[in-house]
1. Quick check on this structure: which one of 28, 95 is over 16 Å from the mean Cα position of the chain (by Cα) and within 19 Å of residue 307 (Cβ to Cβ)?
2. Six or more apart or on different chains, Cβ under 9 Å: which pairs go from a residue in region 125-141 that's farther than 20 Å from residue 157 by Cβ to one that's part of a loop (DSSP other than H, G, I, E, B) and at pLDDT 95 or above? Could you list them?
3. Please work out which residue is surrounded by the fewest Cβ atoms within 10 Å (Cβ to Cβ), limiting yourself to region 387-416 and to residues that are under 14 Å from residue 316 (Cα atoms) and of a type in the set (Val, Ile, Thr).
4. Within region 138-203, which strands (runs of 3 or more DSSP E) (wholly inside it) include 3 or more residues that are closer than 30 Å to residue 78 by Cβ?
5. Identify, please: which residue in region 147-161 is of a type in the set (Ser, Thr, Tyr) and within 19 Å of residue 172 (Cβ to Cβ) and is, among those, farthest from the chain's Cα centre (by Cα)?
6. Which of the residues spanning region 381-408 are more than 22 Å from the chain's Cα centre (by Cα) and either within 27 Å of residue 65 (Cβ to Cβ) or among the polar types (S, T, N, Q) (or both)?
7. Out of (1) buried (at least 16 other Cβ atoms within 10 Å of the Cβ); (2) among the β-branched types (Val, Ile, Thr); (3) in contact with a helix residue (DSSP H, G or I) (Cβ under 6 Å, 6 or more places away or on another chain), what's the single condition that is false for residue 87?
8. Hey, any hits in region 124-133 for a residue that's within 24 Å of residue 9 (Cα to Cα) and crowded, with 21+ Cβ neighbours inside 10 Å?
Amino acid sequence: MGERQDTLRVIIAGAGIAGLATAISLSQIASITNIDIQLYEQAPELLEIGASIALSPNGMRTLEKLGVDKALTDEFGYRGPSGIPQIFRHWKTDQVISVDTHTNVPNPRHHTTRFHRGHLHAALLEHVPRESIHLGKKIIHAEADKNGVTLHFEDGSSVQGDVLIGADGIRSAVRKSFLPDYRLRFSGKVFMRSTFDASLVEGKIPNLPSDSMHWTWYSTSTIPHIGSLLMNPGKDQYTTVGAYDDPRTEEELENSIAWNQRGNVEFLREKYKMLSRPGCLILGSLSSAMPHTPMGGAFAAGGSLALDDTLALGLAFRHVFGAQTSGQTFSSENIKKALGLYSNTRQPHTARILRIVHNQIDKRGAQFTSAEEEDEALVARMRSRPNTEWLSEHDVEAAFAATLEQVEVIEASDQAQASKSTKTVPESSSGTSTSIQLEGSKL
């Protein structure tokens with residue numbers, strides 16, 4: 001792209017939760033006077049699809065900063081009456097063996113909240129102009145050069161911009177275009193999700209808990225590792241999430257994955273038939289897993305992480321291009337600077353998460369040898385779970401401020417070094433002098 005433009009052209013691949021939140025952040029948080037944001041979604045229409053999604057305090061704070069106030073109301077999402085994010089019970093005895101807690105969340109509206117994914121998407125959609133969302137645009141390839149970025153679509157069309165944000169899901173065409181050799185790692189777990197009307201259980205199941213409950217157990221040689229989760233995602237609904245350990249390799253799964261197919265409840269019931277015991281609540285398709293590692297999976301943090309990504313991006317672009325910033329042009333160098341601030345803000349945090357998740361994947365397949373050891377290990381493990389406040393209550397604005405401080409220190413050091421490196425060569429025989437400026441390091 002040229003060194004100066006009147007408008008910053010932003011292309012967002014995907015109009016899901018992350019894509020919509022990105023559009024909101026760049027328009028509301030970044031405060032850029034001249035910005036054109038366009039979203040390209042492969043779906044032919046935006047439907048209320050998906051099951052449940054939980055947002056921890058960091059995600060809820062970001063929703064508030066984005067101005068999506070509807071999502072913070074009690075009528076829209078669901079927070080348990082106890083104020084406890086999640087309660088873990090033993091699958092046989094119903095004994096409470098662990099609880100999640102909030103450490104520094106004074107605003108109840110920021111407490112962990114559960115939604116139907118479609119409802120949260122609809123709340124975000126209200127803040128994005130419909131004319132900026134282009135449906136039926138399946139991406140086949142993305143490319144970047146000195147003139148900017150280009151998206152190519154299956155229908156033969158293409159679009160150019162200055163910035164491309166990939167928010168096109170787990171099988172991202174954008175990621176594949178720029179990182180063709182990148183391979184997703186299989187966690188060893190297969191999840192099954194569903195939502196249903198609250199009238200199917202309320203008043204029909206004695207002592208139905210109002211808080212989100214997580215019944216958990218571990219695998220043996222005969223029972224696959226599965227658990228159960230029951231929670232209310234708001235709007236008079238309940239959701240169940242189930243999982244089991246799948247011993248197949250990544251290569252075997254690659255050839256058997258069927259995306260967007262309806263699940264079979266009989267398949268799930270077959271997984272649970274061995275676990276029908278007194279004190280164990282199984283509601284037909286009731287389930288979700290607490291992985292056998294201390295913190296489990298990716299902490300059910302994907303939604304909050306995506307929202308925090310968008311906030312960090314908005315802060316970075318506001319710092320470089322915002323209305324209060326004078327004299328900055330939409331040059332490739334300045335765009336690179338903004339993206340660098342975003343990356344330096346988020347990378348340490350996400351790298352920590354990935355280290356833990358990859359460590360869990362490397363340990364997949366661990367099993368206990370007897371039911372007695374199983375129960376003892378279960379209770380001990382759950383009661384000694386590490387505190388994940390660093391994740392669920394992460395402060396993106398504080399992280400961004402710390403990044404700016406680091407940048408200022410580096411820039412000051414570079415300037416000092418450059419000043420010291422300026423040397424004056426003694427006069428030559430011709431009576432002239434030469435000034436040599438040695439370039440300092442760059443971010």
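1. Details: 95 fails: within 19 Å of residue 307 (Cβ to Cβ).
Every option except 28 fails the conditions.
2. Once the first residue is farther than 20 Å from residue 157 by Cβ and sits in region 125-141, its partners that are part of a loop (DSSP other than H, G, I, E, B) and at pLDDT 95 or above give 125/15; 126/68; 127/67; 127/68; 128/15.
3. Here the answer is 407.
4. On the way: elements: 139-145, 148-153, 158-161, 163-166, 189-197.
Fully inside region 138-203 and qualifying: 189-197.
5. If we filter region 147-161 for residues that are of a type in the set (Ser, Thr, Tyr), which is where we start, we get 150, 157-158.
Right, trim to within 19 Å of residue 172 (Cβ to Cβ) and you get 150, 158.
Working: 150: 25, 158: 28 Å.
Going through the qualifying residues, I end up with 158.
6. 384, 404, 405, 406, 407, 408
7. For residue 87, the exception is condition (3).
8. Restricting attention to region 124-133, the residues satisfying the condition of being within 24 Å of residue 9 (Cα to Cα) are 124-133.
After this cut, where a residue has to be crowded, with 21+ Cβ neighbours inside 10 Å as well, the list is 124.
For region 124-133, residues within 24 Å of residue 9 (Cα to Cα) and crowded, with 21+ Cβ neighbours inside 10 Å: present.
The values are calculated or read from the model by the stated rules, or taken from the named source; none is laboratory data. These numbers were taken from a predicted model, which means no experiment stands behind them. Heads up, the Cβs are rebuilt from the backbone with ideal geometry, glycines too, and the neighbour counts pull from every protein chain shown.
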